[in-house]
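One structure is given here, and the rest of the page talks about it.
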Amino acid sequence: MISKTVLLIIVLAPLAGSVIAGLFRNQIGRVGAAAAAIVGVGLSTVLSAWVFYQLAWGGVPVFNENVYTWFEVGRISAHLGFLIDRLTAMMMLVVSFVSLMVHIYTIGYMADDDGFQRFFSYIALFTFSMLILVMSNNFLQLFVGWELVGLVSYLLIGFWFKRPRRCTPT
């Protein structure tokens with residue numbers, strides 16, 4: 001049986017790594033930011049592999065439950081929920097594993113960059129967004145995940161944008 005707790009950890013671990021790397025970047029430094037992001041994504045990868053194993057070979061039934069109710073007005077309601085079948089479990093594993101490899105590669109690639117901690121925060125947030133998108137059991141949540149992926153893509157694309165200095169005439 002797949003528990004809600006395991007699924008929440010899979011989704012929220014990269015978010016926690018992103019928050020730690022982003023908000024506490026000055027306190028924890030480069031090593032701490034990289035470690036926080038990698039531990040969060042690594043935990044998601046390990047748990048995603050376990051969920052995939054359980055669904056593919058363990059005989060566990062498909063998980064489709066709401067975890068949280070965003071709002072309820074009369075007969076209209078919006079929920080945060082997960083639909084985890086074999087395909088979803090495979091995609092969770094692919095997303096988290098590829099992201100983990102990108103995180104590890106990024107340590108060397110970004111070693112001398114001034115925005116090291118901010119970049120780790122962004123790519124961990126990207127992993128969180130992709131997992132929300134992949135695991136959603138309703139269109140509203142899928143839309144939120146899709147929009148978060150778009151927002152973080154924008155942040156990553158514009159990462160090295162520097163405003164040109166104004167030249168003062170002499």
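The values are calculated or read from the model by the stated rules, or taken from the named source; none is laboratory data. Values in this document were obtained by computation on a predicted structure and should not be read as measured data. Methodologically, a virtual Cβ is constructed for each residue, glycine included, from the backbone with ideal geometry; neighbour enumeration extends over all protein chains shown. Calculation scope for accessible area: heavy atoms of the full protein, side chains included, ligands and nucleic acids excluded. Shrake-Rupley method; radii C 1.70, N 1.55, O 1.52, S 1.80 Å.
The residue pairs whose first member lies in the stretch 105-124 and is crowded, with 18+ Cβ neighbours inside 10 Å, whose second member is aromatic (Phe, Trp, Tyr), and whose beta carbons are closer than 6 Å, counting only pairs six or more residues apart or on different chains, are Met110/Phe116; Met110/Phe119.
Of Leu133, Leu87, Leu148, all but one fail to be modelled with pLDDT of 95 or more and in contact with a Gly (Cβ under 8 Å, 6 or more places away or on another chain); the exception is Leu133. Quick one: would you say Leu156 is under 19 Å from Val19 (Cβ atoms), surrounded by fewer than 16 Cβ atoms within 10 Å (Cβ to Cβ), touching a helix residue (DSSP H, G or I) at 6+ places or on another chain (Cβ under 9 Å) and at pLDDT below 95? Yes, satisfied. Quick check: anything in the stretch 1-9 surrounded by 18 or more Cβ atoms within 10 Å (Cβ to Cβ), touching a helix residue (DSSP H, G or I) at 6+ places or on another chain (Cβ under 7 Å) and under 18 Å from Ile104 (Cα atoms)? Taking every residue of the stretch 1-9 in turn, none turns out to be surrounded by 18 or more Cβ atoms within 10 Å (Cβ to Cβ), touching a helix residue (DSSP H, G or I) at 6+ places or on another chain (Cβ under 7 Å) and under 18 Å from Ile104 (Cα atoms).
With the structure loaded, tell me whether Ala35 is in contact with a helix residue (DSSP H, G or I) (Cβ under 9 Å, 6 or more places away or on another chain), part of a loop (DSSP other than H, G, I, E, B) and open to solvent by 20 Å² or more (accessible area, probe 1.4 Å) or whether it fails that test.
Taking the combined requirement at face value, the residue does not satisfy it.
Annotation: of all residues in the stretch 76-89 being part of a helix (DSSP H, G or I) and out of contact with any Ser or Thr (no Cβ under 9 Å at 6 or more places or on another chain), the one that is most open to solvent (accessible area, probe 1.4 Å) is Arg86.
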